[in-house]
1. Search region 14-29 for residues that are closer than 10 Å to residue 192 by Cα and touching a residue at least 60 places away in the same chain (Cβ under 8 Å) and pair each with any residue that is open to solvent by less than 20 Å² (accessible area, probe 1.4 Å) and assigned to a helix (DSSP H, G or I) when their beta-carbon atoms are under 6 Å apart and the residues are at least 6 apart or on different chains.
2. Against the condition assigned to a loop (DSSP other than H, G, I, E, B), touching a Gly at 6+ places or on another chain (Cβ under 8 Å) and of a type outside the set (Lys, Arg), how does residue 198 come out, does it pass?
3. What is the number of the single condition among (1) open to solvent by less than 40 Å² (accessible area, probe 1.4 Å); (2) within 22 Å of the chain's Cα centre (by Cα) that residue 213 does not meet?
4. With (1) assigned to a helix (DSSP H, G or I); (2) free of Cβ contacts under 8 Å to residues at least 60 places away in the same chain as the list, and residue 320 as the residue in question, which single condition is left unmet?
5. Residue 281 is checked against (1) free of Cβ contacts under 8 Å to residues at least 12 places away in the same chain; (2) within 29 Å of residue 121 (Cα to Cα) and fails just one. What number does that condition carry?
6. Kindly list, by first and then second residue, each pair from a residue in region 92-120 that is in contact (Cβ under 8 Å) with a residue 40 or more places away in the chain to a residue that is part of a helix (DSSP H, G or I) and hydroxyl-bearing (Ser, Thr, Tyr), limited to pairs with Cβ atoms under 9 Å and residues at least 6 apart or on different chains.
7. What's the total number of residues in region 77-125 that are basic (Lys, Arg), more than 21 Å from residue 141 (Cα to Cα) and buried (at least 18 other Cβ atoms within 10 Å of the Cβ)?
8. Quick one: would you say residue 345 is in contact with a Ser or Thr (Cβ under 9 Å, 6 or more places away or on another chain) and over 22 Å from residue 423 (Cα atoms)?
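The values are calculated or read from the model by the stated rules, or taken from the named source; none is laboratory data. From a predicted model like this one, the values you see are computed outputs, not experimental measurements. Note that each Cβ is placed from the backbone with ideal geometry, even for glycine, and that neighbours are counted across all protein chains shown. Remember, those area values only see protein heavy atoms, side chains included, never the ligands or the DNA or RNA. Shrake-Rupley method; radii C 1.70, N 1.55, O 1.52, S 1.80 Å.
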Amino acid sequence: MRILVAGASGFIGGHVVRALLAAGHEVVAGVRRPQDFPRRDRCSALALDFSRPSEPGHGLPHLENIDAVINSVGILAEDRHNRFEAVHEHGPIALFEACRHAGIKRVVQISALGADETAFSRYHLSKQAADDFLAGTELDWVILQPSWAYGPGGKSLGLLAALAALPVMPVLGDGCQRLQPVAVEDVVAVVLRLLEPGAPSRVKLAVVGPRPMALAEILAVLRHWQGRASACSLSIPFPLALWLAENFGRWVATPFNGDTLRMLERGNTGDPAALAECLGRPPQDLSAVLAAGAATPAERRYAALRFLLPVLRWALGLLWLGSGLVSALLFPQEESYALLAGVGITGGLAPLALYGAAALDIALGIALLWRWRVPWVGAAQLGLMALYSVVIGIYLPEFLWHPFAPLLKNLPLMVATLIVIAAEDV
């Protein structure tokens, strides 16, 4: 078959693409940046961006000769460019309409468990709107509603593994919030099964693991998988966690937002019987899957650094911002000019150098905090630190043996900057 996979660069979509190719199908990968999508045999990339429904790509003339469409596009948190209504509702509906006009019958919509009449979050309501529209068409549709899907490359798995790796594991309230983790291999297996002739159609299917698990149990299992000793848990009262999440979520796109915590508190479980019948076997259990192989050293290391890396970026950003503000506003101007005179900058150039350098430090600090082009900003910071170190080392050598080691401190700062740059794509 020739199959269009919308969201082919995402977690579930990526696994689906690899499985389809392994099964001998031809894939058209719908992604935002086709030029960045890995090249593979029998796989072509198509520009498809649900966050911009006015894009001409939504006419999808490329649906010609497509046998089936799989929509796996989804976001867990909104940001300036991605809104639930656009990504989950308007974009998919435009795709389903295009399928109707192109005469494509088989459409597999990968939605979310909880996108039903009980939905209350904007995340679930937007998913439900697209599901309801698809269910009202004459298309040969199937709507899959997974619980938390885990597996290699999953950001949610990385996030929970990082929480489990902390010296004290934080839990929400009593930690009894119930999820029903489903292996991404099972999600992919049911997608492939539903593309076979005679497969069920015009049905909604809960895609869940074999049993509900409390959040505290999931964290304990992930900690054991990493080979770490048991740790105490820290209970965070739900009202406090909700207040923090709602206020922090206004400024940063994060899965720790108010809607996510409310969904977690409500629970996310379902009946695994239909999935087991479709697969011809029971779905895999999280504990059994993880017990089959311990975490690799890279997985352990990433879990331990998951929260430290953004903290390091913020620390460096605040350092540059604070340095610029202190230089411009707080440090005695006469002493600043005396230091500049020591390197040969006097007269009218002194104020320009002082306030120009301070403004540059402030700008680089804000850019790092805002996460704007981190590799470029980091490279500029490395260049400035190297320049400052060389100039001061030559003209003000007394700072080389100063007890506060102002020049030597640039070495760990430069290494920290390199770490932030390297972690940007992780």
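1. If the second residue must be open to solvent by less than 20 Å² (accessible area, probe 1.4 Å) and assigned to a helix (DSSP H, G or I), the pairs left are 16/188; 16/191; 19/188.
2. No.
3. Going through the list (1) open to solvent by less than 40 Å² (accessible area, probe 1.4 Å); (2) within 22 Å of the chain's Cα centre (by Cα), residue 213 breaks only (2).
4. Going through the list (1) assigned to a helix (DSSP H, G or I); (2) free of Cβ contacts under 8 Å to residues at least 60 places away in the same chain, residue 320 breaks only (2).
5. Here residue 281 clears every test but (2).
6. Once the first residue is in contact (Cβ under 8 Å) with a residue 40 or more places away in the chain and sits in region 92-120, its partners that are part of a helix (DSSP H, G or I) and hydroxyl-bearing (Ser, Thr, Tyr) give 114/123.
7. Number of matching residues: 0.
8. In short, no.
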